[in-house]
1. Tell me whether segment 107-176 comes out rounded, prolate or oblate; compute the Cα gyration tensor, take square roots of the eigenvalues as a ≥ b ≥ c, and use a/c under 1.5 as the rounded threshold.
2. In debye, nearest 20, what is the charge dipole magnitude of the chain about its Cα centre with +1 on Lys and Arg Cβ and -1 on Asp and Glu Cβ, if you could check?
3. In degrees, nearest 10, range 0 to 90: what is the angle between the Cα axis of helix 4-14 and the longest Cα principal axis of the chain?
4. Dimensions of segment 1-152 along principal axes (Cα, Å, largest first)?
5. For a quick check: with amide H placed at 1.01 Å from N, whose amide H comes under 5 Å from Val141's, ignoring anything fewer than 5 positions away on the same chain?
6. Given the options Tyr104, Tyr92, Tyr22, which has the most mean-square fluctuation in a GNM of the chain, springs set between C-alpha atoms less than 10 angstrom apart?
7. Kindly express, to the nearest 10 degrees and within the range 0 to 90, the angle between helix 163-176's C-alpha long axis and the longest C-alpha principal axis of the chain.
8. What are the ³J(HN,Hα) values, in whole Hz, obtained from phi via the Karplus relation 6.51 cos²θ - 1.76 cosθ + 1.60 with θ = phi - 60°, for each residue of segment 23-31 in sequence order, with x given for Gly and Pro?
Amino acid sequence: MPTKAHRFIEKLSNSNKLRRIYSQNIDRIECKLNIPDDKLILAHGSIENVHCTSNVCSNLINWKCFEEQVKESSKVVKCQCGNLVHPGIVLYGEDLPISFYQNYVEDLKYCDLLIVIGSSLKVPPLSELHLKLRSDIPIIVLDHELPKTLQKNKNVFHLKGDIEESIDEIQILVVFNPIFPLTSHILLIQII
């Protein structure tokens, strides 16, 4: 179910202030929002896209069927062709989707505000995006703790505590504060 934080992201998109979302979620909750597909990169994939691991077969398996098979059996779930199936999520050490590599360089070039919501920024390459930003670009972090890689950055605004409670503050910061020139180049990294 989309939260207040998700609705804020949707509002940024609807007001043409959002350049792109790099989501670390695998539940596709962002897909339930009114955000164009080209503005959303599911960096860690989606649990809904279960597929055969065979290069020849490439069957897509319904998530609900896959989930039922996993619950009912202690065996490894296999495709009709006999090969293993794999949820469409990016596991540690695997490559991110091609859309990430096709967009991030250009996105960082035009970014005028980076917002990090609920991410500890520990897993590369998303954890390294802010290192490639120009040094004058402001970063707003909504999370209980400030990620270690951002602690020495002078352009970071850290809104500690509950994300849902911080959303009102960020809306005031982003909408009414002259420090943040509002163009259509806000990048968002989130895991809410």
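1. oblate
2. 260
3. 80
4. For segment 1-152, the Cα extents along the three principal axes come out at 54, 30, 29 Å.
5. Val116, Phe157, His158, Leu159
6. Comparing Tyr104, Tyr92, Tyr22 in the GNM, the peak value goes to Tyr92.
7. It works out to around 50 degrees.
8. My calculation for segment 23-31 gives 8, 9, 6, 10, 8, 6, 4, 5, 5 Hz in order.
Only the coordinates and a few stated rules stand behind these numbers; no lab work does. Source: prediction; values computed, not measured. Note that each Cβ is placed from the backbone with ideal geometry, even for glycine, and that neighbours are counted across all protein chains shown.
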